[in-house]
1. Tally up the residues in segment 10-46 that are touching a residue at least 60 places away in the same chain (Cβ under 8 Å), of a type in the set (A, V, I, L, M, F, W, C) and crowded, with 18+ Cβ neighbours inside 10 Å, please.
2. When you look at residue 81, is it of a type outside the set (A, V, I, L, M, F, W, C) and either crowded, with 21+ Cβ neighbours inside 10 Å or more than 16 Å from the ligand (Cβ to nearest atom) (or both), yes or no?
3. Quick one: residue 211 ticks every box in (1) surrounded by fewer than 21 Cβ atoms within 10 Å (Cβ to Cβ); (2) within 12 Å of the ligand (Cβ to nearest atom) except a single one, so which number is it?
4. Picking from 224, 230, which residue would you name as being under 27 Å from residue 50 (Cα atoms), in a loop (DSSP other than H, G, I, E, B) and not hydrophobic (A, V, I, L, M, F, W, C)?
5. Among the listed residues 188, 211, 204, identify the single one that is of a type in the set (Lys, Arg) and under 17 Å from residue 255 (Cα atoms).
6. How about segment 51-127: which helices (runs of 4 or more DSSP H) wholly inside it have at least 2 residues that are acidic (Asp, Glu)?
7. Condition check: within 16 Å of the ligand (Cβ to nearest atom) and either open to solvent by less than 10 Å² (accessible area, probe 1.4 Å) or not in a loop (DSSP other than H, G, I, E, B) (or both). Does residue 196 satisfy that?
8. Which of the residues that make up segment 164-190 are in a helix (DSSP H, G or I) and open to solvent by 50 Å² or more (accessible area, probe 1.4 Å)?
Amino acid sequence: MKNLSIAEKMNLPWVESPFFYDLLKKRSLSQENEALVTHYHEEGFIVLRNAVNHPLIDSVISDLQAEFPQNLGEQPARHQDIWKKYQSVKELASQPQIFDVLRLLYEREPIPFQTLNFKFGTQQRAHSDTIHFSCIPARYMCGVWVALEDTNANNGPLFYYPRSHRSKEFNYFDIGIEPEKDYAEYWKYEDFMEELMQAQGTPKVEIHMNKGDVLIWSSNLIHGGTPIRGGNVTRWSQVSHYYFEDCVYYSPRLSDMFANNLNLRHVINIATGEVVQHSENGKPIETINTGDFKYAISHNFSIPVLTKEIIKRIIGKKPF
Ligand SMILES: O=C(O)CCC(=O)C(=O)O
């Protein structure tokens, strides 16, 4: 077996590693790729300019025109997983040139597992994606946001808090909120995030992008959408969320983090249509349906031990 150093053994994407600069020295990357991974490590995101071809973007918009209302404020404001209906959305979530960058960053095979499409800016408050999607090992997740039209100060561009990806992944238990099924408590989490950024003195940065530009943010970068200042102005966009292979995938917002009762996700790889096996770094993990918490890691393996102990207590000796 290959002799791995402590840094290489860490259960963490190398771009998130405290040993990043050592690990970088061991790779022979082009100057361009070295700058890219370093920016991702330090800032928690990268922008790929003009990375998606415009005809594909135009077909996404033309497919989705009839799916959205005329005016800002009318519903539905967003479409989740509309890739199941439109090939163009699926194709946008499966772009080979984006996969290549994700492989460089994470050194695992990318798995696009959710799409969100918007006609107008989301005006979403600050959050980290890790409250919705996390995994074991942690941080093998990222968001890929594609500008389907130019963004500017008026149509609700994205904002982020520089270097916030370096902080802890805060979950509901950390901030005294019970796991929930709906979004009833979510505003408390958003309040917390804003107060945290304020307390740390982290400035909020607005980022403007052009049609075809792609923003990749690391799982824990705190971000959102700025208020729309220009009236009924569109801001067509698609965000696809990606996991990486060989992890256990769960939703912290719906999990009981204190009891370590993880709400496992049913992950479908958008690019292949296949259901993704939960695994511990490649070793398949069995899951069971637990009703409320839908799926959990199966602890069946401990039952024979338990049964032996119970029998021993009853009959006074070990049965076998
Ligand atoms: O598109 C936006 O304004 C924000 C999207 C976002 O925050 C997300 O998908 O996590």
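The values are calculated or read from the model by the stated rules, or taken from the named source; none is laboratory data. Not measured: the values here are computed from a predicted model. A quick note on method: Cβ atoms are made from the backbone with ideal geometry, for glycine too, and the neighbour counts reach across all protein chains shown. Surface accessibility is based on the protein's heavy atoms, side chains included, excluding ligands, DNA and RNA. Shrake-Rupley method; radii C 1.70, N 1.55, O 1.52, S 1.80 Å.
1. The qualifying residues number 6.
2. Answer is no for this residue.
3. So the condition that residue 211 fails would be (2).
4. Values: 224 fails: in a loop (DSSP other than H, G, I, E, B).
One residue alone meets the criteria, 230.
5. Criteria check complete, one pass: 188.
6. Passing ranges, in order: 54-64.
7. On the way: within 16 Å of the ligand (Cβ to nearest atom): no; either open to solvent by less than 10 Å² (accessible area, probe 1.4 Å) or not in a loop (DSSP other than H, G, I, E, B) (or both): yes.
So residue 196 does not fit the description; no.
8. Of segment 164-190, the ones in a helix (DSSP H, G or I) are 164-166, 173-175, 186-190.
Within segment 164-190, 166, 173, 174, 187, 188 qualify.
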